[in-house]
1. Only residues that are hydroxyl-bearing (Ser, Thr, Tyr) and over 13 Å from residue 54 (Cβ atoms): list them for the range 8-25, please.
2. Which pairs have Cβ atoms under 6 Å, sit 6 or more apart or on different chains, and link a residue in the range 40-59 that is under 12 Å from residue 17 (Cβ atoms) and in contact (Cβ under 8 Å) with a residue 40 or more places away in the chain to one that is hydrophobic (A, V, I, L, M, F, W, C) and part of a helix (DSSP H, G or I)?
3. Restricted to the range 1-60, and to residues that are outside any helix (DSSP H, G or I) and among the small types (Gly, Ala, Ser), which residue is nearest to the chain's Cα centre (by Cα)?
4. Working carefully through the options 52, 31, 42, 27, find the one that is crowded, with 16+ Cβ neighbours inside 10 Å and among the basic types (Lys, Arg).
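Only the coordinates and a few stated rules stand behind these numbers; no lab work does. Worth saying up front: this structure is predicted, and the values here are computed from it rather than measured. Neighbour counts run over all protein chains shown; Cβ positions are idealised from the backbone, glycine included.
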Amino acid sequence: MKDFHQTQTANIWMQKVFDAKSARQGRVVRRSLRDIDNIVGREQFETEIRRRGYHAVRNGDQVVVFCNNQPVQVMC
């Protein structure tokens, strides 16, 4: 179980991700999977993305979050 400091750090990190200018404008944010796993945990991050109605894709160690509720299509 995470202690209070770890939980607060995770909450602050998550808040900063979605408070980024590009996120507020409905564009994309990109984060490393390593940071997601080490700071908040993949399950909590995915839960927050779903809660907001956003979508995310992973390529290698990078996760791209589409900060809007528009459909995502892979072009090629």
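1. Answer for the range 8-25, where residues must be hydroxyl-bearing (Ser, Thr, Tyr) and over 13 Å from residue 54 (Cβ atoms): just 9.
2. none
3. Among them, the one singled out is 56.
4. Details: 52 fails: crowded, with 16+ Cβ neighbours inside 10 Å; 42 fails: crowded, with 16+ Cβ neighbours inside 10 Å; 27 fails: crowded, with 16+ Cβ neighbours inside 10 Å.
Testing whether each residue is crowded, with 16+ Cβ neighbours inside 10 Å and among the basic types (Lys, Arg) leaves just 31.
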